[in-house]
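The values are calculated or read from the model by the stated rules, or taken from the named source; none is laboratory data. Nothing here was measured: the structure is a model prediction, and the numbers come from that model. With ideal geometry, Cβ positions are generated from the backbone for all residues, glycine too; neighbour counts draw on all protein chains shown.
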């Protein structure tokens, strides 16, 4: 099963070609109501999101709850149909003629969910759950179960002890290991981890994170790591994408984003991160209020209602993702802000 | 948590771990848990006995269920030759009860079985597909909820005319709406759990998801509910016969027997109570069995 070293036979474009390219992904959810069940409003869950994931990297996606992280994940898996947008998996457009089918893409792309309990069928044992998808895809039963047991061992569980257990008989950390094993059973190349460690205890979280890192090296995986936990994202990611109200506000290499955030929202987010150094601890609230309602997002820059640098130009148009105006960092650092002072984080003298 | 066991090479790990463990199977586990439950075993044995005696009625009694004797009317329990006494036309009660079990059990089980199939099909479709189809199914069922169940059964029976078949149809119609509602609720709950999405992400087709992931989680609840309906069905069908809407005399059926023996309640109260007692015991057994089944099917409860 291990594919380390040799080039993956499914690899199409070589190392330089992004594994997944997302272009202008958009999903609006209708809000129905009234007697006739008419569409009253739309939730702008994901709006014009574009990014790419390179082979072998870990792309972190951060943002507050409700910013569209999980919707993005489900759109990528095609668990919900996007309104607009193109997915290109290793050079093949997903669902297009001459491209790759959704089913074929799903075999190479798997997902681990946040809730370890509800992601497992309560009526199936651990091996049942892991072997299920490969068996459905035509792997003989016996072999599927043997591979499931070997996968259990690879995620740190003892097959003799845990294979025939039911989800309620396992701890959260153990269940999440099983969920990871199930995702790996189809031998994917890309794994989307949607808050996969967020619900775990800190010590268990660290173990699972280390496990994820080992598995990544062993199976040549690429991760999309979605989390609201800034420390964890910094630890696992190569590149980071910051989302706010369904849009990408900043993206770039993890060091650049964490050392020199260019978007006022990213800066506020990072400032809200509890510091390990007592001298640097702050009680001042970097961000006040809740994000605006995604049903009726502000015009132009969606962050402007909470941004202290906001000015007229911010309301005029949605700022495009572009290299920072005042840059000394890497070229791939992109920020969606048009106010130079905001990008620099200059302290405002007047209110 | 043994996280350090993972450090070895994957190849070497797979070899010792490959001691093939056969898939346990959910129903095997349920059976094992049932066998440990004494109460459920006992009531199930009782039910098996009742069913067996009913089916074997011609062999467990030598009397004709329809042939009475004017000389032997309303004999008490313990009469030589008629150990459970006789009814108002001198027919042997034990014989009548044995033969009556056939119709009573039939009227108890068949409506439930019909509503189980139809109801869970409609309910799973409504719960899984949702949208307009779901709304259509559920609102149609709501119409039936407007009537109390016994009234609805009486009305349908009155409409179709009396007879066993019609009372079975009436009861099936009565039981379908609650069955649909339960199936729909459980399906809708199950459908939005992450493992269904995970299965879909793993390339499982909709039919396979329903068969392997929805059904296994929904069927338990529906089955338990259905067994609890059997007792209600027996009582309702007995009630219909009692009202003269179900089985017609001189056929032997517990509800009908209760009706005709009603007039003898001051003469032979114990004999008159026998069909009622049997209805009570049988429905009680079905209820207890359904309780036991629920306990055994819920793998989350430790036994």
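Return a yes/no flag: does the range A:76-94 have any residue that is touching a helix residue (DSSP H, G or I) at 6+ places or on another chain (Cβ under 7 Å), more than 9 Å from chain B (Cβ to nearest Cβ) and under 20 Å from residue A:196 (Cα atoms). For the range A:76-94, residues touching a helix residue (DSSP H, G or I) at 6+ places or on another chain (Cβ under 7 Å), more than 9 Å from chain B (Cβ to nearest Cβ) and under 20 Å from residue A:196 (Cα atoms): present.
Within the range A:49-85, the residues that satisfy the criterion of being over 18 Å from residue A:321 (Cα atoms) and part of a strand (DSSP E or B) are A:58, A:84.
Give the number of residues within the range A:98-108 that are more than 7 Å from chain B (Cβ to nearest Cβ) and either touching a residue at least 24 places away in the same chain (Cβ under 8 Å) or not in a strand (DSSP E or B) (or both). Walk me through how you get there before you give the answer.
Of the range A:98-108, the ones more than 7 Å from chain B (Cβ to nearest Cβ) are A:98-102, A:104-105, A:108.
If we keep only those that are either touching a residue at least 24 places away in the same chain (Cβ under 8 Å) or not in a strand (DSSP E or B) (or both) too, we end up with A:98-99, A:101-102, A:104-105, A:108.
Count: 7.
Filtered by the rule that a residue be more than 7 Å from chain B (Cβ to nearest Cβ) and either crowded, with 20+ Cβ neighbours inside 10 Å or on the phi > 0 side of the Ramachandran plot (or both), the range A:109-131 gives A:109, A:112, A:114, A:116, A:124, A:126, A:129, A:130, A:131. The residues of the range A:137-150 that are facing chain B (nearest Cβ under 7 Å) and crowded, with 18+ Cβ neighbours inside 10 Å, listed by number, are A:145, A:146, A:149, A:150. Of the residues examined, residue A:193 is one that is modelled with pLDDT of 90 or more, buried (at least 23 other Cβ atoms within 10 Å of the Cβ) and more than 9 Å from chain B (Cβ to nearest Cβ). Would you check which residues across the range A:156-176 are assigned to a helix (DSSP H, G or I) and more than 8 Å from chain B (Cβ to nearest Cβ) and list them? Residues satisfying the conditions are A:161, A:162, A:167, A:169, A:172, A:175, A:176. Only a single item in (1) assigned to a helix (DSSP H, G or I); (2) within 14 Å of chain A (Cβ to nearest Cβ) is not met by residue B:273, and it is number (2).
Take residue A:153 and tell me if it is facing chain B (nearest Cβ under 10 Å), crowded, with 24+ Cβ neighbours inside 10 Å and in contact (Cβ under 8 Å) with a residue 24 or more places away in the chain.
no
When residue A:187 is tested against the conditions (1) surrounded by fewer than 20 Cβ atoms within 10 Å (Cβ to Cβ); (2) assigned by TED's automatic domain parsing to the domain that holds residue A:302; (3) in a loop (DSSP other than H, G, I, E, B), the lone failure is (2). Among the residues of the range A:53-69, those that are at pLDDT 90 or above and under 12 Å from the mean Cα position of the chain (by Cα) comprise A:53, A:58, A:59, A:60, A:61, A:62. Just a yes or no: is a residue in the range A:159-182 within 20 Å of residue A:107 (Cβ to Cβ), touching a strand residue (DSSP E or B) at 6+ places or on another chain (Cβ under 7 Å) and crowded, with 23+ Cβ neighbours inside 10 Å? Yes, the range A:159-182 contains at least one residue that is within 20 Å of residue A:107 (Cβ to Cβ), touching a strand residue (DSSP E or B) at 6+ places or on another chain (Cβ under 7 Å) and crowded, with 23+ Cβ neighbours inside 10 Å. From the residues in the range A:57-70 that are more than 23 Å from residue A:219 (Cα to Cα) and buried (at least 22 other Cβ atoms within 10 Å of the Cβ), which one is nearest to the other protein chains (Cβ to nearest Cβ)? Once the filter is applied, the top-ranked residue is A:69. Considering the conditions (1) over 20 Å from residue B:94 (Cα atoms); (2) buried (at least 17 other Cβ atoms within 10 Å of the Cβ); (3) modelled with pLDDT of 80 or more, residue B:24 is excluded by exactly one of them, (3). For the range B:176-219, a tally of residues being under 24 Å from residue B:111 (Cα atoms) and facing another protein chain (nearest Cβ under 8 Å) returns 2.
Counting only helices (runs of 4 or more DSSP H) that sit completely within the range A:216-319, those holding 3 or more residues that are touching a strand residue (DSSP E or B) at 6+ places or on another chain (Cβ under 9 Å) correspond to A:230-236, A:254-259, A:264-271.
Rundown of residues vs (1) within 23 Å of residue B:33 (Cα to Cα); (2) crowded, with 21+ Cβ neighbours inside 10 Å; (3) at pLDDT below 85; (4) in contact with a helix residue (DSSP H, G or I) (Cβ under 8 Å, 6 or more places away or on another chain), yes/no style:
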residue	(1), (2), (3), (4)
B:229	yes, yes, no, yes
B:233	no, yes, no, yes
B:245	no, yes, yes, yes
B:259	no, no, yes, yes
B:264	no, no, yes, yes
B:272	no, yes, yes, yes
B:279	no, yes, no, yes
